[in-house]
1. Run lengths n ≥ 4 of DSSP H only: what is the helix-derived mean residue ellipticity at 222 nm for the chain, with -39500 (n - 2.57) per run over all residues, to the nearest 500?
2. Pick from V28, V44, V54 the residue whose mean-square fluctuation is largest in a GNM of the chain, springs joining Cα atoms under 10 Å.
3. Along its principal axes, what span do the Cα atoms of region 173-267 show, with the longest given first and each in whole Å?
4. Output the 0 to 90 degree angle, nearest 10, between the alpha-carbon long axis of helix 185-197 and the longest principal axis computed from the alpha carbons of the chain.
5. Assign unit charges at the C-beta atoms only (+1 for Lys and Arg, -1 for Asp and Glu), then state the dipole size of region 36-155 relative to its Cα centre in Debye, rounded to the nearest 20.
6. In the chain, if the dipole is taken from +1 on Lys/Arg beta carbons and -1 on Asp/Glu beta carbons about the Cα centre, which of Y245, A225, S258 is farthest to the positive end?
7. Which one, L129, F41, W152, is farthest towards the positive end of the dipole of region 24-154 when Lys and Arg carry +1 and Asp and Glu -1 on their Cβ?
8. Using the Cα gyration tensor of region 43-83, with a ≥ b ≥ c the square roots of its eigenvalues, what is the shape: rounded (a/c below 1.5), prolate (a/b larger than b/c) or oblate (neither)?
Amino acid sequence: MATLTARVLPVPVRAGGGRHLVERNFLVYRRSWIVFVSGFFEPVFYLLSIGIGVAQLVGDFRLADGTVIGYAAFVAPAMLASSAMNGAIFDSTYNIFFRMKYAKLYDSMLATPLRPWDVATGEVTWALLRGACYSAMFILVMLALDLVESWWALLALPAAVLIGYAFAGAGMALTTFMRSWQDFEFVQLATMPMFLFSATFYPIETYPGWIRWLVELTPLYQGVALERAFTTGTVSWSLVLNALYLTAMGTLGMYVASRRLGKLLLK
């Protein structure tokens, strides 16, 4: 009876309303599981081709604290962070834009007791669950290839989820401002340079002064710093700042996304 009442009465706020959207996405992807699973292979192929293939030419790497690791062990955590970013961005931009502009999914949802904040939390939660699955499998690949140097790597999965949270919130917020598919060119314009230059393939110390400062401000660098510190064991208190950066980014993005959805759809 309580469930029926909650579905019929226009209650302003209901805790956990976003779970209905998570359930909906789960049912959809259960019928197209190949699409879901295929997202795991891209970072693995990058790791095998660059991290292991190129590693034969590069040799060992010396970190800032003097720790010496192989090039594959240096690149692998950056691939993990990049995978979390790409998965979250894809789910929170392309998929959400289609559901909002063409499928009109959110219009029908907001005709129920669900509110814009429920939609935002539901979509971000789904992106995190999907990203966590990919990240967990990638970490298992790293373990199988002996690319994990420390027990701190137990925190690599929560860190990947945090990276996904930051980019999912920001991606969803930006999607509410997009007018057509052409606007997604700006998404690639932002993510591709971050993937290439956020200390992904070489140390941050190789950059000159102001460029290094600029790179250290990018969100992906925060994630790469977290993952590399956990998998190599070079943990320091500065990681708290990296985590706070990503948390603030995701929370602000979700807030903007919920406000924009309300403005666009509740006219």
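The values are calculated or read from the model by the stated rules, or taken from the named source; none is laboratory data. Fair warning: this is a prediction, and the values are worked out from it, not measured in the lab. Positions of Cβ are backbone-derived with ideal geometry, glycine not excepted, and every protein chain shown enters the neighbour counts. Heads up: the accessible areas ignore ligands, DNA and RNA and are worked out on the full protein's heavy atoms, side chains in. Shrake-Rupley method; radii C 1.70, N 1.55, O 1.52, S 1.80 Å.
1. When only DSSP H runs of four or more count, the value is -20500 deg cm²/dmol.
2. It is V28.
3. The Cα atoms of region 173-267 stretch 51, 28, 24 Å along their principal axes.
4. Tilt of helix 185-197: around 30 degrees.
5. That gives a dipole near 440 debye.
6. S258
7. L129
8. Cα axes put region 43-83 in the oblate bin.
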